[in-house]
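Nothing in this text is a laboratory measurement; each read-out follows from the coordinates by a stated rule. Bear in mind that the values here come from a model prediction, so they are computed numbers and not experimental data. Please note: Cβ atoms are built from the backbone with ideal geometry, for glycine as well, and neighbour counts cover all protein chains shown.
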């Protein structure tokens, strides 16, 4: 029997906000989704690495890319929230 995901947290409530901010380790089929997201962000870095000049701007690029990767995985973990 497939694992049932809980409904996403209600971000309009304090309890929902706190639940959303907790670390949710991937389980079941979500593990493959997280791995796929991470692999795709590695591809982006590999494709753009030599195009983007070294310097503070490259650091900003990497930080925002990491934020986007974490946001994608958080979306998976929180069932779309």
**Item:** Over the chain, relative contact order from alpha-carbon pairs under 8 Å, at least 6 apart, %
**Value:** 48
**Sorted by Cβ neighbour density within 10 Å, fewest at the top, the residues 18, 58, 33** = 18, 58, 33
**Asked** What ranking do 74, 25 get, fewest neighbouring Cβ atoms within 10 angstrom at the top?
**Response** 25, 74
**Request:** Calculate how steeply helix 56-77 sits against the longest principal axis of the alpha-carbon atoms of the chain, using the helix alpha-carbon long axis, and give the answer as 0 to 90 degrees to the nearest 10.
**Result:** 20
**Prompt:** Rg to Rh for the chain: what is it, with Cα atoms only and Rh by Kirkwood?
**Reply:** 1.09
**Asked** If r is the Cβ-Cβ distance from residue 18 to residue 67 and R0 is 22 Å, what FRET efficiency results, to the nearest 0.05?
**Response** 0.60
